[in-house]
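Data block below; observations after.
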């Protein structure tokens, strides 16, 4: 996969960042989507894929840990749709995973949060991020403990 180093001014980055946020993705994924839309006949729709992942994550059982592969559409999205867009499924998985993780960090996926180990480090299973859907009361309790 080729890489491009792109330097832009801060104002343009801010505009792109705001647009990317409205589309629930990172600036990098947003730019890739724009460019693929211009040059590819059947581009992969990262925004739709992320929206589907978010919806599925929001209805996961409470307090049950999960990885993205546990979401029903993740395998289908990454394999079938990536092949249709002539992309490597691993590239699609990486982009979706990074974007989903950023949205979780910004608390934009309902009560879904990253799982932490006992030592406070982020939990991974075979290099894969682990998430959990917390009950709202659990989140409020955690916020009160932080405030004190």
*Check residue 79 against each of (1) at pLDDT 95 or above; (2) more than 30 Å from residue 135 (Cα to Cα) and name the one condition it does not meet.*
(1)
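Could you tell me whether any residue of segment 96-107 is surrounded by 14 or more Cβ atoms within 10 Å (Cβ to Cβ), at negative phi and more than 13 Å from the chain's Cα centre (by Cα)? So that I can check it myself, show each step before the final result.
Of the residues in segment 96-107, the ones surrounded by 14 or more Cβ atoms within 10 Å (Cβ to Cβ) are 96-104.
Retained after the next criterion (residues that are at negative phi): 96-104.
Subsequent filtering for residues that are more than 13 Å from the chain's Cα centre (by Cα) retains none.
No, segment 96-107 contains no residue that is surrounded by 14 or more Cβ atoms within 10 Å (Cβ to Cβ), at negative phi and more than 13 Å from the chain's Cα centre (by Cα).
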*Criterion (surrounded by 15 or more Cβ atoms within 10 Å (Cβ to Cβ) and touching a strand residue (DSSP E or B) at 6+ places or on another chain (Cβ under 8 Å)) met by exactly one of 21, 110*: 110
*Answer yes or no: is there a residue in segment 26-47 that is at pLDDT 85 or above and closer than 20 Å to residue 110 by Cβ.*
yes
_Tally up the residues in segment 1-21 that are free of Cβ contacts under 8 Å to residues at least 12 places away in the same chain and under 16 Å from residue 99 (Cβ atoms), please._
5
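The values are calculated or read from the model by the stated rules, or taken from the named source; none is laboratory data. All of these numbers come straight from a predicted model, not from anything done at the bench. Don't worry about glycine lacking a Cβ; one is built from the backbone with ideal geometry, like all the others, and counts go over all protein chains shown.
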